[in-house]
Amino acid sequence: MKLSRRDFGRGMWGAAAVLTVAPQAMAKQGGVTAVDCHAHVFRVGLPLADVRRYAPDYDATPADYVKMLDANGMSHGVLIQPSFLGTDNSYMIGALREHPRRLRGIAMVEPTVARDELVMMNEAGVVGVRLNLIGRPDPAFEQDEWRAMLRHMADLGWQVEVHAEAQRLPRIVAPLLKNGVNVVVDHFGRPDPKLGVTDPGFDYLL
């Protein structure tokens, strides 16, 4: 179907009209105007991961984030556990509990995480786990602890969010799909800047 300029313009005006509805009101009614799918919340002074690439020197609080959503006409958002906080998801989970209608979360966990902890996080609004593999080896998905965790995640209907270079995707994504979890590939698949869209790993992703 080919849209004329006039039809496209009408569609854009319709979208603008929808976004004039207060996002808070839409969220209370269960309506969705737009979803921000990747954001971090944190503050200076939180316990940091022993191994980290950086640590921020400013705060990004849940209150700040919700204000940003409101200012941009977004009814909902997804919080991603920042790598520098490691597997201590408590600050993010606090934000989810504070805004249960508007926010969902992606946690970071060790493969030895107990099922009860995953269930607790699920009840708080966590919907998946992030594998931030930049600078880290590929997970040993064949190990019992990984298979058990992925089975629990599949039972919960969670996703695994993969952050890795494109060339590594075939050996990471394939076993995840085989274990029955939903997969989200982060940061557009991280193709090699020199290869761009000709990166074989990016082609695999497509």
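FYI, it's all coordinate maths here, none of it is from the lab. Values in this document were obtained by computation on a predicted structure and should not be read as measured data. Ideal geometry is used to build each Cβ from the backbone, glycine not excepted, and the neighbour counts take in all protein chains shown.
Suppose the Debye formula is applied to equal point scatterers at every Cα of the chain; what is log10 I(q)/I(0) at q = 0.11, 0.14, 0.18 Å⁻¹?
One equal scatterer on each Cα of the chain leads to -0.63, -0.96, -1.29.
Going through segment 41-90, which trypsin sites (Lys or Arg not before Pro) have at most 15 other Cβ atoms within 10 Å and a DSSP loop state?
Filter output for segment 41-90: ARG43, ARG52, ARG53.
Between segment 145-197 and segment 39-86, what is the separation of their alpha carbon centroids in Å?
Here the two parts' Cα centres lie 22 Å apart.
Counting Lys +1, Arg +1, Asp -1, Glu -1, what net charge surrounds GLY86 among other residues with beta carbon under 14 Å of its beta carbon?
+1
Roughly how tilted is helix 144-156, in degrees to the nearest 10 and between 0 and 90, from the longest Cα axis of the chain?
For 144-156 against the chain, the angle is about 20 degrees.
If all Cα-Cα distances of segment 98-198 are sorted into 10 Å bins from 0 onward, what percent lands in each bin, rounded to whole numbers?
The percentages, shortest bin first, are 15, 46, 28, 10, 1.
Using only Cα atoms, what Kirkwood radius does segment 39-92 have, in angstroms?
About 11.9 Å, per the Kirkwood formula over Cα pairs.
Could you identify which residue out of GLY77, GLY125, GLY45 has the top mean-square fluctuation in a GNM of the chain using Cα springs shorter than 10 Å?
GLY45
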